[in-house]
Every structure is written in C-alpha cells, then in structure tokens.
Amino acid sequence: MLGDGTRCVRGGEHDAHAVGDPVHRGPVLTSTYHLGRPEEADQGADFYARADNPTWREFEAAVGELDGGPCTVFPSGMAAIAAVLRAFTGAGRGVLLPSDGYYVARLLADEELAPLGVPVAYCATAGDWASAIARHRPALVMLETPSNPGLEVCDVAAVAAAAHAAGAVVAVDNTTCTPLGQQPLALGADLVVASDTKALSGHGDLLLGHVSAADPVHHERVRAFRTRGGAIAGPMETWLALRGLGTLDLRLARQAENARALAVALRETPGVHDVRWPGLADDPSHVLARTQMRRWNGILRFTLADAHAVSEFLARTTLVDSATSFGGLRTAADRRARWGDAVPDGLVRLSCGVEDTGDLLADVIGALGG
Ligand SMILES: *Cc1c(COP(=O)(O)O)cnc(C)c1O
C-alpha cells in the first residue's frame with residue numbers, strides 16, 4: 001500500500017484527465033444541474049445539490065479510501081453524529097454512548113432522542129462495555145477512543161464483537177485520531193463518524209464532518225438521511241477540507257512530535273499533574289492504544305491546581321491560544337470545565353500545533369514557571 005503522505009495527496013483521484021484539464025479543480029457552486037430533455041430519464045448523479053455535488057464526491061472518495069469504506073460528508077461533526085443517532089435508533093431501539101465522550105453528543109441523545117422514546121444509556125470509555133451492552137441491549141453502540149478530553153481508550157475490536165453478538169450497530173467517533181491514526185472499520189466497527197473541523201481539515205477555518213460505513217446498506221441509509229434531513233455541507237467548505245487533507249500526514253507528524261516533547265517535559269514541571277498522552281510508554285492508555293492506533297497525534301491533557309492557575313498560564317504564554325477545538329496549525333489550550341465536562345477545574349486539553357518543537361517547549365514550560 002502507498003504511504004500516508006501519498007494517499008493524503010492523491011486520494012480519491014481516479015478520473016482520466018484530458019490535456020488542459022485543471023490539475024486542481026475548484027469547488028462546484030451550483031444548486032441545480034442541466035437535466036436534458038424530459039424523455040432522458042436517467043439524469044445521472046447530479047440533478048439538485050441537496051442530493052449530490054461533484055466536490056462532495058471528490059472529498060468522499062479521498063476520505064472513504066482512507067477510512068476503508070464509502071463516505072458521506074456532513075456540514076459538521078455533530079451533523080454526522082446526529083445522522084447516525086437518528087438513522088440507527090428509534091422508539092424502543094436505544095443507544096449506548098460513552099459517558100466521557102464529546103458532550104454535545106450526550107446532549108443530543110438526552111434532549112432530542114430520549115423524548116422520542118429512544119432509550120439512552122452510558123458507559124465510561126475505560127469501563128465494562130460488554131456488561132453495559134448485555135444490560136441495555138442497545139440498537140446502536142457509539143464509541144470514542146481516545147475520548148475527548150479524557151484520552152481514555154477502549155478496545156474497539158472487543159466492543160464491536162460484543163455489540164454484534166447482541167445485534168447492535170457499532171459507530172466510532174474517530175475525530176481525535178483521523179483515519180491515519182486509527183481505522184475503526186478494519187477493527188470491526190460498522191460506522192466511523194468524525195468532526196473534520198479538527199485535524200483532518202486542519203486549519204481551523206471551517207466546520208465539516210463525515211460518516212464512513214463498512215456495509216453499503218448502512219452507507220445508503222446515511223445518504224438517504226442526509227438528503228431528506230437537508231443538513232448538507234457547503235461545496236466551498238468541502239473543497240477547503242480536501243485542500244487541507246493533502247497535508248494531514250505532515251501536520252500529524254509535527255503535532256505528535258510536539259505532543260511527545262511537551263508531555264515528557266510537563267511531567268517534570270512542578271505544579272503540573274496527571275499528564276496524559278497515549279503515546280507515552282507508561283500512559284495508562286498506551287498498551288491498548290498501541291494495539292489499535294497506527295499513529296499518535298497532538299492532543300494531550302494535564303491538570304493545574306485550579307482555574308486561576310490555568311488563567312495565569314494563558315496570560316504568560318505567547319504561542320498558545322486560549323481556544324476550544326483542536327487539531328489546527330496553532331497550539332491551543334482549552335480548560336474543559338468551562339464547558340461543563342465532568343473534569344477537574346484545572347484540567348487543560350492542549351492541542352499541539354505545527355510550531356517548531358523547541359519554541360513551543362520553551363514557551364509552554366516557561367509560562368508554567370518551569
Ligand atoms: C468537535 C467534536 C465533535 C463535533 O464536531 P463539530 O464539527 O464541532 O460539529 C464531535 N466529536 C468529537 C470527538 C469532537 O472533538
């Protein structure tokens with residue numbers, strides 16, 4: 001197989017091209033397409049842009065190849081998660097979600113699905129999924145590994161086997177890893193969902209998401225839901241994300257290098273506790289993460305004494321933005337308790353950018369008084 005860098009640059013390219021064709025195609029901005037004469041019944045893929053768009057197809061081909069299954073693009077990670085939650089649950093057909101996963105997915109399940117009669121149950125990412133599946137008998141199991149922001153992991157292959165034995169569909173939120181870092185479909189999951197707002201597009205200038213499926217029937221269900229639900233991605237955002245994807249391999253490599261250097265240094269810094277990065281050999285997540293992750297990434301967490309200590313750190317640093325979201329070019333710190341995550345007040349999720357490692361290390365450790 002070709003390497004990650006090559007696949008990111010050339011992914012989804014299969015069309016023969018003629019002399020004079022643009023090497024880089026732009027976004028196709030149209031709401032409607034020429035249909036031909038009424039008797040020409042087969043109008044092809046493109047007739048109205050809620051159903052399909054050539055720029056989507058380019059993005060979906062590239063990301064679907066990386067994920068290992070056909071892909072459907074959505075206007076945000078939450079739109080992708082909402083499509084899966086709505087399409088694969090129903091009254092009496094419940095969902096089992098990580099209790100420590102992305103908090104808006106929990107809000108969606110509790111506030112929008114439960115009132116429709118969808119049983120909503122939770123299990124901690126590092127908890128006992130087999131027992132929770134046996135107890136709740138969900139129609140859909142959603143995993144997030146490593147979890148955001150705790151960076152706990154669960155065994156995708158083992159949970160998928162338990163879920164399948166109980167007749168459930170398994171979806172994995174692969175946002176933190178990207179398709180280069182982890183391949184949930186190859187590990188046995190039925191669906192991958194992701195927020196491409198983060199590392200996949202990688203420049204912090206758009207929102208986007210996608211769902212990839214192992215089973216073509218599931219894929220068609222997701223696509224039908226998108227067309228009927230109407231939550232569709234803009235061609236401009238999709239094109240920008242495709243542009244960003246070309247450098248994912250390079251960005252991920254630098255982000256992981258920065259995260260490793262910072263995690264090692266943070267553990268030696270007074271006042272910094274509970275440093276977690278799954279790539280560290282003695283991180284509690286490492287042994288399991290290593291069996292199912294292909295590559296590390298730039299997201300780590302650590303805990304300072306309290307919210308005030310985080311505030312002082314942010315005041316002193318010059319290379320770290322105080323911002324939520326992650327996976328971008330610029331290093332960003334987010335004190336997660338401000339969003340209502342059930343974490344200590346001083347817990348910081350740090351998303352390492354692509355700055356030079358030495359500069360970042362000096363700035364961050366200096367700002368922490370180390
Ligand atoms: C950001 C994020 C989402 C939501 O994605 P949006 O693009 O913001 O809608 C879902 N899951 C995880 C793990 C995320 O980090």
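The values are calculated or read from the model by the stated rules, or taken from the named source; none is laboratory data. Computed from a prediction, not measured in an experiment: that's the story for all the values here. Methodologically, a virtual Cβ is constructed for each residue, glycine included, from the backbone with ideal geometry; neighbour enumeration extends over all protein chains shown. Side chains are part of the model used for accessible areas, which takes the heavy atoms of the whole protein and leaves out ligands, DNA and RNA. Shrake-Rupley method; radii C 1.70, N 1.55, O 1.52, S 1.80 Å.
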Query raised in the report: At a probe radius of 1.4 Å, what is the per-residue accessible area of Tyr103, in Å² to the nearest 10?
Result: 60
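Once neighbouring chains are kept in place and the probe is 1.4 Å, which whole percent of the accessible area of the chain is contributed by carbon and sulfur?
Details: 8800 of 15970 Å².
That fraction is 55 percent.
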Query raised in the report: For helix 357-367, what angle does its Cα long axis make with the longest principal axis of the chain, in degrees from 0 to 90 and rounded to 10?
Result: 50
Query raised in the report: Over the alpha carbons of the chain, what is the largest minus smallest coordinate on each principal axis, giving the biggest first in Å?
Result: 76, 56, 36
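Using r as the Cβ-Cβ distance of Ala114 and Arg267, and R0 as 51 Å, what FRET efficiency do you calculate, to the nearest 0.05?
Given R0 = 51 Å and the Cβ-Cβ separation, E is 0.80.
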Report summary line: The Cα extents of the range 248-367 along the principal axes, largest first and rounded to whole Å, are 37, 28, 27
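So, R0 is 30 Å and r is the distance between the beta-carbons of Arg290 and Ser131; what FRET efficiency does that work out to, to 0.05?
Efficiency, from the Cβ-Cβ distance: 0.75.
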Query raised in the report: Per residue of the chain, what 222 nm ellipticity follows from adding -39500 (n - 2.57) for every DSSP H run with n ≥ 4, rounded to the nearest 500?
Result: -10500 deg cm²/dmol
Query raised in the report: So how do 176-185, 214-223, 347-356 stack up, highest first, on mean other-Cβ count within 10 Å?
Result: 176-185, 347-356, 214-223
Requested in this report: Figure the gain on full extension for Ala124 and Met1 (residue separation times 0.36 nm, minus the Cα-Cα span) and round it to one decimal in nm.
Outcome: 40.7 nm
Query raised in the report: To the nearest 10 degrees, how steep is helix 248-267 against the longest Cα principal axis of the chain, on a 0 to 90 scale?
Result: 20
Report task. Would you give the gap between the C-alpha center of the range 289-325 and the C-alpha center of the range 160-231, rounded to a whole Å? Result -> 26
Query raised in the report: Amide H neighbours of Asp52 under 5 Å, counting only residues 5+ apart in sequence or on other chains, H built in-plane at 1.01 Å?
Result: Phe47
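If you add up the charges near Leu360, with Lys and Arg at +1 and Asp and Glu at -1, over every other residue whose beta carbon is less than 15 angstrom from its beta carbon, what do you get? Before the final figure, lay out the partial values.
Details: positive: Arg251, Arg254, Arg260, Arg316, Arg330; negative: Glu257, Asp321, Glu355, Asp356, Asp359, Asp363.
That works out to -1.
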Query raised in the report: Using the alpha-carbon atoms, what tilt in degrees (0 to 90, nearest 10) does helix 77-87 show relative to the longest principal axis of the chain?
Result: 60
